[in-house]
Amino acid sequence: MKDAHGRGFREHVNKDVAASGIARGQLRRAGGGKMACELEPMSRTYQYRKVMKPMLERKRRARINKCLDELKDLMVNALQSEGESIAKLEKADVLELTVTHLKKLQRRNQLAIQPLPSHQDKFREGYSHCASEVSRCLASVQGVDVTLGTKLMTHLGISLTNYEKRAPLTILGLLTIAAPSGPMWRPW
């Protein structure tokens, strides 16, 4: 006989026994040939092995499958954007494609990575741009003495050279001056 949920009597009894903390029922013959059920308390180890471990395993597998489904969707979209079409992917295929795709992206990025220009490089670039603008302006203005232009451009060149000689020392000097002498205050 099954109830409204499609469960039989034995399923109800097993569920109730597991929930109550009482373990295995042992049948024995009582006087008169009738069967009697002796119930023993369920040990924690037995309860963990029979109830908790399968439940934790189901949850772990559900998390893995959910992540694999998300990964599959991401990979299908990524591969379709690259012009590849994929009909069906098994779990192992999803993982292999993901590893291959990530390695491909890593190779692309390693080839594309270029060192960022330093502050000194940016300064030198800006200074040179300004010097060329000054030179262009001097050449376009009528009546400017050539020796004045030459002296100005020479001064700009010497100033840049002197700055580059001093710049590392200045930066190091600022760092040593700015270093705190005592322990740093922290809010925690």
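The values are calculated or read from the model by the stated rules, or taken from the named source; none is laboratory data. These numbers were taken from a predicted model, which means no experiment stands behind them. All Cβ positions, even for glycine, are placed from backbone atoms using ideal geometry, and neighbour counts span all protein chains on display.
Is there a residue in the stretch 114-129 that is more than 26 Å from ARG63 (Cα to Cα), of a type in the set (A, V, I, L, M, F, W, C) and either out of contact with any Cys (no Cβ under 6 Å at 6 or more places or on another chain) or assigned by TED's automatic domain parsing to the domain that holds ARG61 (or both)? First the steps, then the outcome.
Applying the first criterion (more than 26 Å from ARG63 (Cα to Cα)) to the stretch 114-129 yields 114-129.
Then keep just the ones that are of a type in the set (A, V, I, L, M, F, W, C); that gives 116, 123.
Narrowing further to those that are either out of contact with any Cys (no Cβ under 6 Å at 6 or more places or on another chain) or assigned by TED's automatic domain parsing to the domain that holds ARG61 (or both): 116, 123.
Yes, some residue in the stretch 114-129 is more than 26 Å from ARG63 (Cα to Cα), of a type in the set (A, V, I, L, M, F, W, C) and either out of contact with any Cys (no Cβ under 6 Å at 6 or more places or on another chain) or assigned by TED's automatic domain parsing to the domain that holds ARG61 (or both).
If you check ALA139 against the conditions, is it surrounded by 11 or more Cβ atoms within 10 Å (Cβ to Cβ), of a type in the set (A, V, I, L, M, F, W, C) and over 26 Å from the mean Cα position of the chain (by Cα)? Write out each step before concluding.
Numbers: surrounded by 11 or more Cβ atoms within 10 Å (Cβ to Cβ): no; of a type in the set (A, V, I, L, M, F, W, C): yes; over 26 Å from the mean Cα position of the chain (by Cα): yes.
No.
Filter the stretch 46-97 for residues that are polar (S, T, N, Q) and either more than 22 Å from the chain's Cα centre (by Cα) or at pLDDT below 90 (or both) and give the result. Outline the logic, then answer.
Step one: filter the stretch 46-97 for residues polar (S, T, N, Q), giving 47, 65, 77, 80-81, 85.
Passing the criteria: GLN47, ASN77, GLN80, SER81, SER85.
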